[in-house]
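Have a look at the structure below, then the notes.
Every read-out reported here was derived from the displayed coordinates using simple, explicitly stated rules and does not represent laboratory data. Because the structure is a prediction, the values reported are computed rather than measured. Cβ atoms come from the backbone with ideal geometry, glycine included; neighbour counts cover every protein chain shown.
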Amino acid sequence: MDEPFWKTKTLEEMSPAEWESLCDGCGKCCLSKLEDEDTGEIHWTTVGCRLFDDATCRCSDYANRLARVPDCVGLTPSNVRTISWLPQTCGYRLIAEGRDLYWWHRLVSGSDQTVHEAGISMRGRTTASENDLAEPEDYFDHMVEDEP
């Protein structure tokens, strides 16, 4: 039996469809994060991007997200190796680090729902949208201790 593509190809060798399929649909990268100016430490919040759909854990305008959200980060094989805030469970991060995908990842389980069933996703867990917050200080009310 052939090995799955994520075990045999580098990130750079993947087709666009293979690359996109590494996203597990957790929605964590679509959360606002706060960076400590002095230490560079990242603090997670439960504030979703203005384009984040809490019910589906997907971007509501994925094709245009980079143009519509100036601080949206488009993931590439180069930058997933250097972005410190990618979730520990992120498919891109796992493959970049030479690790395997978790059992609940859709490429392993065959279902888009297992990420939600396993409690990994942000479905129903955001407490605000960035559209709801008037002042930068408002984000502090939505900080969480650890990565959600």
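Between amide H atoms placed 1.01 Å from N, distances below 5 Å from S129 occur with G48, all of them 5 or more places distant or on a separate chain.
Seen from all directions on average, the range 5-132 presents a Cα convex hull projection of 8.2 nm². Each Lys or Arg adds one and each Asp or Glu takes one away; over the other residues whose Cβ falls under 13 Å from the Cβ of G98, this sums to +3. Taking the Cα centre of the range 5-132 as origin and assigning +1 to Lys and Arg Cβ atoms and -1 to Asp and Glu Cβ atoms, the resulting dipole is close to 380 debye. The local environment of G27, defined by Cβ-Cβ distances under 9 Å, has a net charge of +2 under the rule Lys, Arg +1 and Asp, Glu -1. Candidates H116, S60, T8 compared by Cα position along the dipole of the chain: farthest toward the positive end lies T8, with charges placed on Cβ.
Across the range 129-139, rounded Karplus estimates of 3J(HN,Hα) from the backbone phi angles (6.51 cos²θ - 1.76 cosθ + 1.60, θ = phi - 60°) give 9, 4, 5, 7, 9, 8, 10, x, 5, 4, 5 Hz, Gly and Pro being marked x.
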